[in-house]
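Asks: Sharing a structure below in structure tokens format, with a few things to ask.
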């Protein structure tokens, strides 16, 4: 690019139409232009398009002049945050979670010749439940006597052939079809010929995957079902920014590489975050096998001019219509974190937009709002909780997902994009420990909270936001990807249930001894006399600290807690399965009978944390034990709550 921001830019070039295209209509295609464009051919305006994420094309045949060079000029206007249009995370200024904008042509531009009657678009809808494929072939103009010849191939072998009418839906039987899934992303090849007066006037090739996506009840819990089976969906937030091209990847190989790495991490899902990608990205997602949760690019993203409701609705509609043939897309997401939602609600209520999308595409799930500001419409209850995931229920018919969690900010030297980076952890070990705790918690929430899917924030760093699993340049992982893959696959395939050994105060306040005055060094020992400490009830927190109740107010920088509890008849296997149930804001140390059993930095909403080997050895079955906790706070909200659970893996 030009490395500068301009609201208005112009492009100019010449082109020559090959002589072999004579007698055909010449189509000029644009993959995407951000945001408003006007196209001129030989000085005449061909058309104006508004929308930064959808493709468009013009028949420029009437504007061509002779056989020689032709002039093409494109005018672009992109107000970014000074306009109300969908723009995703693009902004010229603002907070850490918005990034450098792209203006103008950011996807491929190409010419093609077509006949006067040609194939304009396809609508492909697989229905594995009814063993059929619904197909509609739309043409550029309606003509009598036009038919469509369709061939379906599997691994190069024709398995179905059919003749049907153009501009009408046809149903192709697909008995005993091989179903598409992340574990087996099988794609059928599709060939379509347009026949007029017994001659083939146009021909296209495509593909499809046989799969269904739905919400159904499994053991009394609403679940996301792929091909009528519950498959836990786990993936990363993928924002699609690149250090050298912003919205534009350097090559098609780079697009594939980015998805290959997510597959290697064991993910089966991607949340494509407030951006619509080029068609090739969806091709690779289809082929490699990802369930894609497709966001609508947000308007009024964390600031800027009020959202334009009609433009938002129009671009949402075009997104669904443009990408409805991709088997990888299983969910449309209408809003993210309330961006523009309040303003749009004044003229188009959220349930109306949800109904619009469901009407356009009843074959997929619709998520009315990822994060918050729910209205009870759609198929999904989607919450954002940081740093630990949660399962927050919505309406009884909705499946529960954690649309964002994690976001551990860890810098990797030699791979930083800019200065003034926000850093949360400084060691690989701490980064991995947090990831492991969250992954383990997903298995618990799936088993006991009804969670159907979760999205880790995020797959790569983006500019100064350093919470990626990979660096912004995609050159390095923050930790061993094989270890992350094992954690991710366990979260997808295993369930964890807990039995309380020492209850936390999350559901019911528990009694503790507490002090905010620094005690003697022996304070964690079993024999320490805590009679002078206050009797208190957990949790211990300050007003306004998220996702924790207040049993006892705690506002000082430090707090020390102790309690005695009786451990039952646990065998060696039981002792090995014990973990801490923990809310900590910020750093904490936990002792068992005077032995340091865990030392945890930073903060987290309710999660699970391992008891180290020394801590397990210190536990005494069939006897009274002492747990002692110290929590230190430096700023912001604060809270501490601890319990011990037996972890049962299924």
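Asks: In what sequence, highest mean first, do 503-509, 70-76 appear when ranked by Cβ atoms within 10 angstrom? Let's see the in-between values first.
Replies: Numbers: 503-509: 16.6, 70-76: 18.1.
Going from most to least packed, we get 70-76, 503-509.
Asks: Could you please state, rounded to a whole Å, how far the C-alpha centre of region 1-59 is from the C-alpha centre of region 93-120?
Replies: Taking the Cα centre of each part, region 1-59 and region 93-120 sit 10 Å apart.
Asks: For every helix of n ≥ 4 consecutive DSSP H residues, a contribution of -39,500 (n - 2.57) applies; sum these over the chain, divide by its total residues, and give [θ] at 222 nm rounded to the nearest 500 deg cm²/dmol. Display every interim value, and only then the final one.
Replies: Values: 9 runs with 99 residues, N = 650.
Helix contribution divided over all residues of the chain: -4500 deg cm²/dmol.
Asks: Averaging the inverse of every distinct alpha carbon separation and then flipping it gives the Kirkwood radius. What is it for region 126-168, in angstrom units? Don't skip to the end; give the middle numbers.
Replies: Numbers: mean 1/r = 0.0832 Å⁻¹.
In region 126-168 this quantity evaluates to 12.0 Å.
Asks: Suppose we take every Cα in region 232-494 and form the convex hull; what volume per residue is that in Å³? Write down the numbers at each step before the final one.
Replies: On the way: hull volume 31.6 nm³, N = 263.
About 120 Å³ per residue, rounded to a whole number.
Asks: Nearest 10 degrees, 0 to 90: what angle lies between the long axis of helix 309-323 and the longest principal axis of the chain (Cα atoms)?
Replies: 80
Asks: What ranking do 410, 312, 302 get, fewest neighbouring Cβ atoms within 10 angstrom at the top? If you can, show how the numbers build up before the last one.
Replies: On the way: 410 22, 312 26, 302 16.
Listed from fewest to most nearby Cβ atoms, that is 302, 410, 312.
Asks: Could you give the C-alpha radius of gyration of region 444-594 expressed as a fraction of 2.2 N^0.38 Å, taking N as the number of residues it contains? Walk me through the numbers before you get to the answer.
Replies: Numbers: Rg = 19.8 Å, N = 151, 2.2 N^0.38 = 14.8 Å.
Relative to the 2.2 N^0.38 Å estimate, region 444-594 comes out at 1.34.
Asks: While we're looking at this one, here's another question. At a temperature of 25 °C and a viscosity of 0.890 mPa s, determine how fast region 593-650 diffuses translationally according to Stokes-Einstein, using the Kirkwood radius over alpha-carbon pairs as Rh; express D in µm²/s, rounded to the nearest whole number. Write down the numbers at each step before the final one.
Replies: Working: Rh = 13.5 Å.
Calculated translational D: 181 µm²/s.
Asks: Determine the relative contact order of region 117-217: mean sequence separation of Cα pairs under 8 Å and six or more apart, normalised by residue count, in whole percent. Before the final figure, lay out each step's value.
Replies: Values: 221 pairs, mean separation 30.4, N = 101.
Here the relative contact order equals 30 percent.
Asks: Something else about it: Sticking with the crude label model, points 7 Å out along Cα→Cβ, report the distance from residue 571 to residue 218 in nm, one decimal please.
Replies: Between residue 571 and residue 218, the label points sit 3.1 nm apart.
Asks: Tilt of helix 350-360 relative to the longest C-alpha principal axis of the chain, in degrees (0 to 90, nearest 10)?
Replies: It works out to around 50 degrees.
Asks: Would you give the gap between the C-alpha center of region 373-402 and the C-alpha center of region 488-561, rounded to a whole Å?
Replies: 28
Asks: Given a Förster radius of 41 Å and the C-beta distance between residue 176 and residue 650 as r, what FRET efficiency does 1/(1 + (r/R0)^6) yield to the nearest 0.05? Present the calculation step by step, with values, prior to reporting the outcome.
Replies: Details: r = 32 Å, r/R0 = 0.79.
Efficiency, from the Cβ-Cβ distance: 0.80.
Asks: State the extension gain, in nm to one decimal, for the chain segment bounded by residue 483 and residue 11, taking 0.36 nm per residue of separation less the distance between their alpha-carbons.
Replies: Numbers: separation 472, 0.36 × 472 = 169.92 nm, distance 4.79 nm.
Using 0.36 nm per residue and subtracting the Cα-Cα distance, I get 165.1 nm.
Asks: Would you please put 424-434, 202-212, 590-600 in order of how densely packed they are, using the mean number of other Cβ atoms within 10 angstrom per residue and starting with the highest?
Replies: Numbers: 424-434: 16.4, 202-212: 18.0, 590-600: 20.5.
With the highest mean Cβ count within 10 Å placed first, the list reads 590-600, 202-212, 424-434.
Asks: Same structure, new question: What's the ranking of 396-408, 176-188, 565-577, 49-61 by average number of surrounding C-beta atoms within 10 Å, highest first? Please list the in-between numbers first.
Replies: Working: 396-408: 22.5, 176-188: 16.8, 565-577: 13.2, 49-61: 20.2.
Descending mean neighbour count gives 396-408, 49-61, 176-188, 565-577.
Asks: Compute the separation of the alpha-carbon centres of region 566-643 and region 412-451 and state it in Å as a whole number.
Replies: 20
Asks: Return a whole-number percent for the relative contact order of the chain, with Cα pairs under 8 Å and 6 or more residues apart as the contact set.
Replies: On the way: 1604 pairs, mean separation 61.0, N = 650.
Answer for the chain is 9 percent.
Asks: What value in Å³ per residue do you get for the convex hull of the alpha-carbon atoms in region 119-208? It would help to have the intermediate numbers written out before the result.
Replies: Working: hull volume 8.2 nm³, N = 90.
Normalising the Cα hull of region 119-208 by residue number yields 91 Å³.
Asks: Tell me, what is the Rg over Rh of region 8-114, with Rh the Kirkwood radius over Cα pairs?
Replies: Working: Rg = 15.9 Å, Rh = 15.0 Å.
The Rg/Rh ratio comes out at 1.06.
Asks: A follow-up question, please. Would you kindly calculate the mean projected area, averaged across all directions, of the convex hull enclosing the Cα atoms of region 241-371, in square nanometres?
Replies: Numbers: hull surface 32.9 nm².
In nm², the orientation-averaged hull projection of region 241-371 is 8.2.
Asks: Let a ≥ b ≥ c be the square roots of the eigenvalues of the Cα gyration tensor of the chain; is it rounded (a/c under 1.5), or, if not, prolate (a/b larger than b/c) or oblate? Numbers along the way, then the final one.
Replies: Working: a/c = 2.66, a/b = 1.94, b/c = 1.37.
Taking the square roots of the gyration eigenvalues as a ≥ b ≥ c, the chain is prolate.
Asks: OK, next. May I ask for the equivalent-ellipsoid semi-axes of region 512-650, computed as the square root of five times each C-alpha gyration tensor eigenvalue and listed largest first in whole Å? Display every interim value, and only then the final one.
Replies: Working: eigenvalues 116, 67, 31 Å².
Semi-axes (√(5λ), whole Å): 24, 18, 12.
No lab work stands behind these numbers, since they all come straight from the coordinates. Since we're looking at a predicted model, the values are computed, not measured. Please note: Cβ atoms are built from the backbone with ideal geometry, for glycine as well, and neighbour counts cover all protein chains shown.
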